[in-house]
Amino acid sequence: MTPNIKPLIAGNWKMHGAGGSLEVLKAAAEGFGEAAPAADGVICVPATLLDRASRVVEGTALQTGGQDCHAAEQGAHTGDVSAEMLADAGAAYVIVGHSERRADHGEGDATVAAKAKAAWRAGLTAIICIGETEAQRKAGETFTVLETQMAGSIPGGATASNTVIAYEPVWAIGTGLTPEISDIEAAHAHIRQHLKTQLGAEVADAMRLLYGGSVKPGNAESILSVDNVDGALIGGASLKAEDFLGIARAAG
């Protein structure tokens, strides 16, 4: 982790969860403060659950977030949800640019940047996701891909208070595969250095950088001990309170 940066443990339920799942959220919320008193915590739930989820976590150390937002505040965009709607339902964060959105919906860097600006407009913290595919990794293009995505996806005006960067190697998401610790360390160091060029050293040195991709209680301690890893973006393991809290304990 980075000295003087408060870690963030973020869960992403993806397209999982109905009303009965709120018991899992309640258990995670009740246990988070004790499990990770020195960290911030958020679970990003489906939009259908957000209002109820926000009421469940009220008064605890855990917050809620959305998994995506439209760039516009309102309008003729059937099926979309604005950042303002997420905030109205109690969200504090929103994920933008997740690789599954980029792949499934063809979202490019410019779209991601517009959504990040929308998040700020609504008072939300944007968790901007970046990461390379397996083919790009094998071709030795990881750093180039990360630089391109950061340049295109992070708008001017990004600060440590309105933006979090999540590095998620696409090939490690939901596969059970994780990079070598040395690879995670190299990627996060490169991200931090590039952010200094893009946003300035003061902003870059304070910005939280998360690692995501098959993070589990069994590997969380080793991952979170890496320099420049300031928390985790957790997929499947966030669907079980005991697993989410197990990862949170590794953040202290």
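Structure notes:
- Any hit, the stretch 112-119, residues being at pLDDT 95 or above, surrounded by fewer than 20 Cβ atoms within 10 Å (Cβ to Cβ) and in a helix (DSSP H, G or I): yes
- Residue within the stretch 139-154 that is touching a residue at least 40 places away in the same chain (Cβ under 8 Å), in a loop (DSSP other than H, G, I, E, B) and of a type in the set (Gly, Ala, Ser) present: no
- The set of residues from the stretch 242-252 being among the small types (Gly, Ala, Ser) and crowded, with 20+ Cβ neighbours inside 10 Å comprises Ala248, Ala250, Ala251.
- Identity of the residue in the stretch 201-241, part of a loop (DSSP other than H, G, I, E, B) and of a type in the set (Ser, Thr, Tyr), that ends up surrounded by the fewest Cβ atoms within 10 Å (Cβ to Cβ): Ser225
- Residue satisfying all of: in the stretch 155-188; without any contact (Cβ under 8 Å) to a residue 24 or more places away in the chain and assigned to a helix (DSSP H, G or I); nearest to Ser222 (Cα to Cα) among these: Ser182
- Restricting the stretch 158-177 to residues that are out of contact with any strand residue (DSSP E or B) (no Cβ under 9 Å at 6 or more places or on another chain) and farther than 17 Å from Asn228 by Cα, the residue that is surrounded by the most Cβ atoms within 10 Å (Cβ to Cβ): Val170
- Condition met for Val226 (under 17 Å from Pro7 (Cβ atoms) and of a type in the set (Val, Ile, Thr)): yes
- Cβ pairs under 6 Å, 6+ apart, first in the stretch 100-123 and more than 17 Å from Val164 (Cα to Cα), second basic (Lys, Arg): Glu107/Arg101
The rows are residues; the columns are (1) touching a residue at least 40 places away in the same chain (Cβ under 8 Å); (2) more than 24 Å from Asn162 (Cβ to Cβ).
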site	(1), (2)
Val203	yes, no
Gly218	no, yes
Ser225	yes, yes
Gly252	yes, yes
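- Residue check for Gly235: free of Cβ contacts under 8 Å to residues at least 12 places away in the same chain and farther than 16 Å from Glu185 by Cα: no
- Residue, surrounded by the fewest Cβ atoms within 10 Å (Cβ to Cβ), within the stretch 129-141, restricted to residues that are touching a Pro at 6+ places or on another chain (Cβ under 9 Å) and closer than 20 Å to Glu107 by Cβ: Glu134
- Scanning the stretch 178-194 for residues that are surrounded by 17 or more Cβ atoms within 10 Å (Cβ to Cβ) and of a type in the set (Val, Ile, Thr) returns Thr178, Ile184, Ile191.
The values are calculated or read from the model by the stated rules, or taken from the named source; none is laboratory data. Small disclaimer: the values here were computed from a predicted structure and weren't measured. Glycine gets a Cβ as well: all are built from the backbone with ideal geometry, and neighbour counts include every protein chain shown.
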